[in-house]
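One structure below.
The values are calculated or read from the model by the stated rules, or taken from the named source; none is laboratory data. It should be emphasised that the depicted structure is a prediction, and the values quoted were computed from it without experimental measurement. As a convention, Cβ positions derive from the backbone with ideal geometry for all residues, glycine included, and neighbour counts pool all protein chains shown. The area values use the complete protein model at the heavy-atom level, side chains included, leaving out ligands, DNA and RNA. Shrake-Rupley method; radii C 1.70, N 1.55, O 1.52, S 1.80 Å.
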Amino acid sequence: MSVPAIAVRGASRVYASADRAPVEALGAVDLTVDRGRFVSVIGPSGCGKSTLLRLVAGLESPDTGSIEVGGEPPERAAAAKRLGLVPQRPALLPWLSVLKNVTLPARMNRRADRGRTLPDAAELLRKAGLGEAMHVLPGELSGGMQQRAAIVRAFGLHPDVLLMDEPFSALDEFTREALQEQLLDLWEELRATVLFVTHSISEAIRLSDQVVVMAARPGRILEVVDIDLPRPRTQDLVLSPDFHDYEVVVRQYLRDAFDHEHQLPRRRDGGDPR
Amino acid sequence: MSEVRRGVRLLHPRYWAPAVVMLLVLLALWTVGAERLPYLLPPLSDLWDTLAGDPAYFLRHAGVTLGEALGGLAIGFVAAFVLAVLVSESVLARRAIMPVAVVLNVTPLVAIAPALVVAFGFGPAPKLIVTALICFFPILINTAAGLRSVSREVLQVFRTVHASRWELLRHLRIPTALPFVFAALKIVFPLSIVGAVVAEMSAAGSDDGLGTVILVASSMNRLAVVWAAIVVLAVMGSLLLLIVTVAERRVLHWHESTARPSR
Ligand SMILES: Nc1ncnc2c1ncn2[C@@H]1O[C@H](COP(=O)(O)OP(=O)(O)OP(=O)(O)O)[C@@H](O)[C@H]1O
Ligand SMILES: [Mg+2]
C-alpha cells in the first residue's frame, strides 16, 4: 500500500491558560486520508476541527502522537511547499492585485520551487471565473470572488495536500453552491488531497469521498462516513434520494455528537474564546 | 474616482468657500485686535510690509529651520523604524526597548535642549538631536503596532508555505504597517518644526533659523518681525502636512483610510 497523504496517529492537543481549566481541544485522534481523496470534517463548534487542521498544516505540534503528511512531518511538507491553506476569511493582501496575490506564495521560500512546474496562475484565475478581475485589487471584489481568489492562491502551488477551514461559511447559499462546483472542477484537474472543514451537512456530502464527524470535550472522531456517490456531483444528484439518505445518516451522527457534549457538565464560559 | 474629477470637484466653492470665509473673519478680528492691543498684535499692513520687504531674509531662516526639522525627522525615523522592526520580531528586544522608549516619551524633551546646547554648542547638532528625539516615539509606537497587525489568517497561509521571517517582513508586515507609518508621519512632520524651533530658542547664541529670529525680534520689541516669522512657520508646517497627505493618498490608494466618502 502506498503512503497515505495524511496520517494522524493518536494526536492530542491541550490548550492551557492561566485563568481557566485546560481545554482538551483534541484527545488522541486517529485519521488516515488516502492520496487524492476529498475528506470533509464536520462537528459542533469547539470540537477541534480547526485545531486538527493547524496540526496537519504544521502550524502547531501535537502534545502526544504524531502527524505525517506524505510520510514526513508537516514541517517538512511545508518547507517543500506541498501544503496549501484556505482560511475562513479570504486573507488576501489588499495592496496587491488578484494576480499578484495568487502568485505571492510562489515568490516566497523559492528554494522549494526548484525543479517544479507550477500551474499558470492566470489560466487558473480564468478557469475560476476571475479572468476579468485579475488586475483588480481584492477590495473591489465581492466576498465570493475574494474567496475564489484565495482558493486559486492555494491551488497555485499545486500542493499535494489542501487544507480548507470553513472557506464558504461567510457566503450566501447560491454563491456557496457555485463555489463548491468550481472547487470540484479545480480539484478534478489538479488532484490534491483535500481536508475540508465545514458546518454544512449537504456541503460535506456533496464535496467529499468521506465525511468525518467529530465531537467535543475532548475533541475526537465519532464516525467516518464513506460517500459512495458518483462524480461529477451535479445539482440533480444533490436532489436525489441517495444524497438525502446520506444527509439523514450524517445528521444523526451529528446529533449524537451534540448529545455527547450535553451529557458533560456545562461549560463555565459562554462561547469560544477565540 | 479619477484624480481629475476629484480636482475639479475641489474647485467648487462648496469646498473652499467655508475656509475662505473663516480666514476673512479671522483677519477682521486681527485688525480690530491690533487697534485695541497694539503691544500684542501688529497691524496687518505692518506684517505684510515686513514679509514683502525682505522675503529673502525670511526664506533663508526658514530654510535653516526646515533643514534642521527634516534632518532630525529623518534621523528619528530611521532609528524608530529599525527599532520597531526589532521590537516586533523579538520579545527580548521588546522588553529591553519599550520601557526605555516610554520613559523617553514622558520626559519633556524640550527641557533637554539647553543641556544639549551646553554639550554640543550652537551648531546644528543639538537641534537635530532634539527634533529626532521628539519624532522618535510616535513613529516607534505606530510602526511597531502596524508590523504586528498582520491578521492571523494571512500569517497562517504564508507559514504553511514556509515563508522566511524576512519574507514575512518584506511582503506582509511592512506593507501592512504603512497606514500606521503615515499616521505617525502626520503627527511627526509638524512636531519636527516644533523641535527645531525650540532648540533654536534654547541656543541663545546661534544666529539663524526662525526660532532665533523670533527670540531676537521679541527682545527688541519688533512685533511685526515676530509675527512674520510665526506666519512663515505656520505656512511651512501646513505645506509639510499637505505633502504627507498627498504622498499617503498615492501610496495607500488601496487602503480604506484614503477612500473618499460618497458625498
Ligand atoms: N489558541 C488557543 N488557545 C486556547 N484555547 C484554544 C486555542 N485554540 C483553540 N482552543 C480551544 O480548543 C477547542 C477547539 O477549538 P477549535 O478552534 O479547533 O474548534 P472548531 O471545531 O474549529 O470550532 P469552530 O467550529 O467554532 O471553528 C475550543 O474549545 C477552543 O476554545
Ligand atoms: Mg474552527
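At a glance:
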quantity: Failed condition for A:Glu132, given (1) under 24 Å from A:Arg191 (Cβ atoms); (2) without any contact (Cβ under 8 Å) to a residue 12 or more places away in the chain; calculated: (1)
quantity: Single match in A:Arg110, A:Arg116 (criterion: within 23 Å of B:Ile174 (Cβ to Cβ), within 13 Å of chain B (Cβ to nearest Cβ) and open to solvent by 20 Å² or more (accessible area, probe 1.4 Å)); calculated: A:Arg110
quantity: Of all residues making up the range A:5-32, the number that are touching a residue at least 40 places away in the same chain (Cβ under 8 Å), more than 13 Å from the chain's Cα centre (by Cα) and away from ligand 1 (no atom under 16 Å from the Cβ); calculated: 5
quantity: Condition broken by A:Leu222, with the remaining ones in (1) within 16 Å of ligand 2 (Cβ to nearest atom); (2) outside any helix (DSSP H, G or I) satisfied; calculated: (1)
quantity: Qualifying residue in the range B:104-117 (condition: assigned to a loop (DSSP other than H, G, I, E, B) and modelled with pLDDT under 95); calculated: yes
quantity: Test: residue in the range A:137-156 that is within 13 Å of chain B (Cβ to nearest Cβ), modelled with pLDDT under 95, over 24 Å from B:Trp254 (Cβ atoms) and open to solvent by 10 Å² or more (accessible area, probe 1.4 Å); calculated: no
quantity: Residue count, the range A:30-52 (criterion: in contact with a strand residue (DSSP E or B) (Cβ under 7 Å, 6 or more places away or on another chain) and more than 12 Å from ligand 2 (Cβ to nearest atom)); calculated: 10
quantity: Condition check for A:Leu83: of a type outside the set (Gly, Ala, Ser), modelled with pLDDT of 90 or more and surrounded by fewer than 21 Cβ atoms within 10 Å (Cβ to Cβ); calculated: no
quantity: Number of positions in the range A:157-178 that are assigned to a strand (DSSP E or B) and either more than 16 Å from ligand 2 (Cβ to nearest atom) or modelled with pLDDT under 90 (or both); calculated: 2
quantity: Cβ pairs under 6 Å, 6+ apart, first in the range A:161-174 and among the β-branched types (Val, Ile, Thr), second not in a loop (DSSP other than H, G, I, E, B); calculated: A:Val161/A:Val69; A:Val161/A:Leu83; A:Val161/A:Thr193
quantity: Residues of the range B:149-165 satisfying the condition of being of a type in the set (Phe, Trp, Tyr) and more than 10 Å from chain A (Cβ to nearest Cβ); calculated: none
quantity: Filter pass, A:Leu125 being touching a residue at least 12 places away in the same chain (Cβ under 8 Å) and either over 14 Å from the mean Cα position of the chain (by Cα) or within 8 Å of chain B (Cβ to nearest Cβ) (or both); calculated: yes
quantity: Residue identified as within 14 Å of chain A (Cβ to nearest Cβ), touching a helix residue (DSSP H, G or I) at 6+ places or on another chain (Cβ under 6 Å) and open to solvent by 50 Å² or more (accessible area, probe 1.4 Å) among B:Phe180, B:Phe120, B:Phe77; calculated: B:Phe180
quantity: Out of B:Gly209, B:Gly205, sole residue that is within 26 Å of B:Pro108 (Cα to Cα) and either of a type in the set (A, V, I, L, M, F, W, C) or buried (at least 18 other Cβ atoms within 10 Å of the Cβ) (or both); calculated: B:Gly209
quantity: Residue selected from the range A:7-29 under the condition in a strand (DSSP E or B) and out of contact with any strand residue (DSSP E or B) (no Cβ under 6 Å at 6 or more places or on another chain), by the criterion most open to solvent (accessible area, probe 1.4 Å); calculated: A:Arg20
quantity: Residue within the range B:158-167 that is free of Cβ contacts under 8 Å to residues at least 12 places away in the same chain, open to solvent by less than 30 Å² (accessible area, probe 1.4 Å), more than 23 Å from B:Val82 (Cβ to Cβ) and not aromatic (Phe, Trp, Tyr) present; calculated: yes
quantity: Among the candidates A:Arg206, A:Arg217, residue that is part of a helix (DSSP H, G or I) and either within 16 Å of ligand 2 (Cβ to nearest atom) or within 15 Å of the chain's Cα centre (by Cα) (or both); calculated: A:Arg206
quantity: Residue match in the range A:53-73 (condition: open to solvent by less than 20 Å² (accessible area, probe 1.4 Å) and not hydrophobic (A, V, I, L, M, F, W, C)); calculated: no
quantity: Which listed residue, of B:Ser238, B:Ser192, B:Ser164, is touching a Gly at 6+ places or on another chain (Cβ under 8 Å), modelled with pLDDT of 90 or more and not acidic (Asp, Glu); calculated: B:Ser192
